[in-house]
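Enquirer: Got a structure for you, questions after.
The values are calculated or read from the model by the stated rules, or taken from the named source; none is laboratory data. Please read all numbers here as calculations on a predicted model, not as lab measurements. In this analysis, Cβ positions are derived from the backbone assuming ideal geometry, glycine residues included, and neighbour counts consider all displayed protein chains. Calculation scope for accessible area: heavy atoms of the full protein, side chains included, ligands and nucleic acids excluded. Shrake-Rupley method; radii C 1.70, N 1.55, O 1.52, S 1.80 Å.
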Amino acid sequence: MKLTTIYSHLRNDLSTIENDLEKTIEAQHSILQDASIQLLKAGGKRIRPVFVLLSAQFGKYDVDRVKRAAVALELIHMASLVHDDVIDDASLRRGKSTIKAQWDNRVAMYTGDYIFARSLEYITHLNKLEAHKVLSEAITEMCLGEIEQIREQYDLDQNIRDYFRRIKRKTALLISVSCELGALAGDAELHVQRQLKQFGYNVGMAFQITDDILDFTSTEKQLGKPAGGDLQQGNITLPVFFAMRDPDFKARLQSVFDNQPIPQNVMEKLIRDIKAMGAIENSKGISDRYLKKAYKALHQLPDNRAKRSLKQIAEYIGRRNY
Amino acid sequence: MNNNDIGRKISELLLQINQKLQHPYLMRFIDEPVIDEDKLLLTYIMLKDKELSEIELEYYAVSTMLVQVALDTHEKINSHDLTGEYDKKNRQLTVLAGDYYSSLYYYLLSEIKDLSMIRTLAQAIQEINENKMQYYKNENQSIENSMENIHRIESSLLLKTAEHFHLPLWKGIADEFTFMKRMLMERKSIQNNTYTPLVAKIMNQFNRSKGGWLSLKNQILEVIDSYILHSKIRLEKLWAEEPVMHLMLENRIEQYIEQSGFRVKKYAEEG
């Protein structure tokens with residue numbers, strides 16, 4: 001089943017979100033407007049708004065209220081992507097030209113800052129003080145996580161706990177916050193908010209681990225960027241941690257990192273070795289463990305359609321192959 | 001509160017802001033963030049006009065300055081090709097430092113539960129980025145439009161803060177003070193033969209075939225001086241309405257005038 005099929009019953013509300021996304025990023029300057037629209041039209045799974053909407057259905061669902069969190073979270077995510085492309089010096093995202101490539105770094109910085117500010121202005125209309133505490137803490141953590149990611153690049157002596165902390169900040173936190181804010185905006189009971197937060201965290205961890213696996217197993221066409229890109233940038237992801245259990249592999253990787261840039265044939269050999277050593281299966285095992293915890297959190301929630309959709313999304317994340 | 005008290009308070013606030021900006025790993029690679037002390041002083045003095053608790057005042061001043069530092073940090077990002085590892089990290093971490101400082105403003109204002117101030121500063125950031133884009137991406141814009149962009153880029157943060165706290169007089173003072181300071185800085189750069197983006201924009205409006213650099217430089221200085229003079233006159237009028245608190249600001253602007261050579265030149269012409 002496709003992701004969009006799973007949440008097809010949200011079609012109308014997602015269309016409201018889409019309209020508000022478009023309205024919110026309206027800008028006077030044509031390049032600012034074009035850059036923002038380009039980003040919006042590049043699509044994306046809108047997974048964060050979906051989590052917000054579904055989580056809100058465990059309380060008093062009112063799309064006009066809940067959309068404040070849904071739109072803002074997607075905009076925060078979009079703003080971070082524009083700046084990430086400057087950080088990674090990336091020309092392509094989802095197979096399309098990035099803002100920094102189409103215009104330049106300065107335009108990307110202004111666009112990211114503009115969209116981030118629009119998102120904050122938009123969410124202040126959600127008059128839930130607790131939501132702002134949660135979101136502002138999460139954003140700060142996400143920034144610190146990105147700084148840590150750069151600090152830990154090419155560092156083969158880092159601990160696997162560093163990896164988990166990194167992906168928590170990088171991905172799981174915003175998904176967890178999406179669920180929590182949805183529940184908060186819907187005035188769901190406190191224990192429901194907590195379970196949804198837990199669900200989001202665990203799904204987010206599984207989502208990022210899956211992304212890290214796909215970086216080795218997908219084709220360039222599927223990824224919209226060359227396979228092994230994470231490793232090329234010195235990001236040590238879960239499959240690499242498993243492969244590094246073999247001291248020979250670790251020593252070889254160190255030597256590759258010491259002699260950059262990494263030639264394509266060397267990278268291909270590393271990817272083949274990572275796959276041959278069972279690192280992909282081991283990583284999938286960890287992802288499945290997070291998914292089980294996500295199901296456990298869901299289990300505590302009342303039965304409804306939103307719960308079934310959340311479960312299906314978690315299952316989709318577990319088996320997606322690009 | 002006398003000037004010494006204000007000076008002491010500004011030092012305390014600088015210390016607080018600096019503590020928030022310090023991140024050991026960032027500091028190894030990025031340029032030391034610069035806090036615009038004049039904007040801090042302006043923010044502090046204008047908010048002193050309101051019946052705020054000392055804690056509230058600190059939160060507002062620190063948050064506003066974090067936004068300013070975040071914007072200034074991102075302003076350092078350019079599109080030059082980088083080859084060295086250090087330069088690459090410097091750029092990556094400069095992007096993240098700006099994002100981090102910006103997140104701290106939201107965090108701080110969420111702590112004091114002030115959604116409306118979060119909104120005010122967010123609107124200021126939008127306005128500044130709109131104007132930065134116009135200024136950056138329009139090489140052939142008129143001098144007047146360029147100056148309008150500079151006005152907004154320099155003052156929107158303080159202007160929106162003044163609006164938020166219903167301080168119309170300070171809105172005018174903040175607008176003219178920050179613009180005039182920027183013009184004085186531009187003047188100083190031109191005197192030192194530094195080619196700034198504003199110089200390029202003004203030059204674009206002139207017929208470059210006539211005369212050499214010296215004549216062009218004088219023409220550019222004339223344009224800048226006319227804007228400085230205009231702001232100076234406006235500021236003096238506004239300061240007349242605010243007889244006490246502006247003295248520190250007046251002293252500061254006098255220093256910038258002296259450094260830029262603006263007054264000296266005017267006196268020489270008058271003499």
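Enquirer: Evaluate the following for A:Leu3: is it surrounded by fewer than 24 Cβ atoms within 10 Å (Cβ to Cβ), within 19 Å of the chain's Cα centre (by Cα) and in contact (Cβ under 8 Å) with a residue 12 or more places away in the chain?
Expert: Answer is yes for this residue.
Enquirer: Could I ask something else about it? How many residues, within the stretch B:127-153, are more than 19 Å from the chain's Cα centre (by Cα) and under 27 Å from A:His125 (Cα atoms)?
Expert: 0
Enquirer: Which one is surrounded by the fewest Cβ atoms within 10 Å (Cβ to Cβ), of the residues in the stretch B:74-83 that are touching a helix residue (DSSP H, G or I) at 6+ places or on another chain (Cβ under 9 Å) and more than 7 Å from every other protein chain (Cβ to nearest Cβ)?
Expert: Across the stretch B:74-83, the extreme among qualifying residues is B:His80.
Enquirer: Another one. Restricting to the stretch B:117-126, count the residues that are more than 7 Å from chain A (Cβ to nearest Cβ) and either hydrophobic (A, V, I, L, M, F, W, C) or under 14 Å from the mean Cα position of the chain (by Cα) (or both).
Expert: So the count comes out to 3.
Enquirer: Among the candidates B:Lys50, B:Lys39, B:Lys89, which residue alone is more than 9 Å from chain A (Cβ to nearest Cβ), of a type in the set (D, E, K, R) and part of a helix (DSSP H, G or I)?
Expert: The conditions single out B:Lys39.
Enquirer: Could you please find all residues in the stretch B:133-142 being facing chain A (nearest Cβ under 7 Å) and surrounded by fewer than 24 Cβ atoms within 10 Å (Cβ to Cβ)?
Expert: Scanning the stretch B:133-142 gives B:Gln134, B:Tyr136, B:Lys137.
Enquirer: Among the candidates B:Lys113, B:Lys76, which residue alone is assigned to a loop (DSSP other than H, G, I, E, B) and touching a Ser or Thr at 6+ places or on another chain (Cβ under 6 Å)?
Expert: Unique residue meeting the criteria: B:Lys76.
Enquirer: Checking A:Ile31 against (1) of a type in the set (Val, Ile, Thr); (2) crowded, with 19+ Cβ neighbours inside 10 Å; (3) closer than 23 Å to A:Ser176 by Cα, which test does it fail?
Expert: If we test A:Ile31 against (1) of a type in the set (Val, Ile, Thr); (2) crowded, with 19+ Cβ neighbours inside 10 Å; (3) closer than 23 Å to A:Ser176 by Cα, just (3) comes out false.
Enquirer: (1) in contact with a Ser or Thr (Cβ under 8 Å, 6 or more places away or on another chain); (2) assigned to a helix (DSSP H, G or I); (3) surrounded by 18 or more Cβ atoms within 10 Å (Cβ to Cβ): which one isn't true of A:Lys133, the others all being true?
Expert: (3)
Enquirer: If I go through the stretch A:128-151 residue by residue, how many of them are more than 7 Å from chain B (Cβ to nearest Cβ) and among the polar types (S, T, N, Q)?
Expert: 1
Enquirer: Restricting attention to the stretch B:166-204, report how many residues are more than 17 Å from B:Ile224 (Cα to Cα) and either crowded, with 17+ Cβ neighbours inside 10 Å or free of Cβ contacts under 8 Å to residues at least 24 places away in the same chain (or both).
Expert: Residues flagged as more than 17 Å from B:Ile224 (Cα to Cα) and either crowded, with 17+ Cβ neighbours inside 10 Å or free of Cβ contacts under 8 Å to residues at least 24 places away in the same chain (or both) within the stretch B:166-204 amount to 8.
Enquirer: May I pose another question? Looking at the stretch B:1-29, which of the residues that are of a type in the set (A, V, I, L, M, F, W, C), under 28 Å from B:Asn251 (Cβ atoms) and touching a residue at least 24 places away in the same chain (Cβ under 8 Å) is most open to solvent (accessible area, probe 1.4 Å)?
Expert: Here the residue is B:Met1.
Enquirer: Filter the stretch B:30-52 for residues that are open to solvent by less than 30 Å² (accessible area, probe 1.4 Å) and among the basic types (Lys, Arg) and give the result.
Expert: Correct list: B:Lys39 only.
Enquirer: For a quick check of your reading: which helices (runs of 4 or more DSSP H) sit entirely within the stretch A:151-266 and have at least 3 residues that are open to solvent by 10 Å² or more (accessible area, probe 1.4 Å) and farther than 29 Å from A:Pro49 by Cβ?
Expert: Counting at least 3 such residues, we get A:160-167, A:247-258.
Enquirer: Kindly indicate whether A:Asp303 is open to solvent by 30 Å² or more (accessible area, probe 1.4 Å), modelled with pLDDT of 95 or more and within 30 Å of A:Pro247 (Cβ to Cβ).
Expert: When the stated conditions are applied, A:Asp303 does not pass them.
Quick grid of which residues meet (1) within 16 Å of B:Ala70 (Cα to Cα); (2) open to solvent by less than 10 Å² (accessible area, probe 1.4 Å):
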| position | (1), (2) |
| --- | --- |
| A:Ala72 | no, yes |
| A:His77 | no, no |
| A:Ala90 | no, no |
| A:Lys100 | no, no |
| A:Asp104 | no, no |
| A:Ala108 | yes, yes |
| A:Asp113 | yes, no |
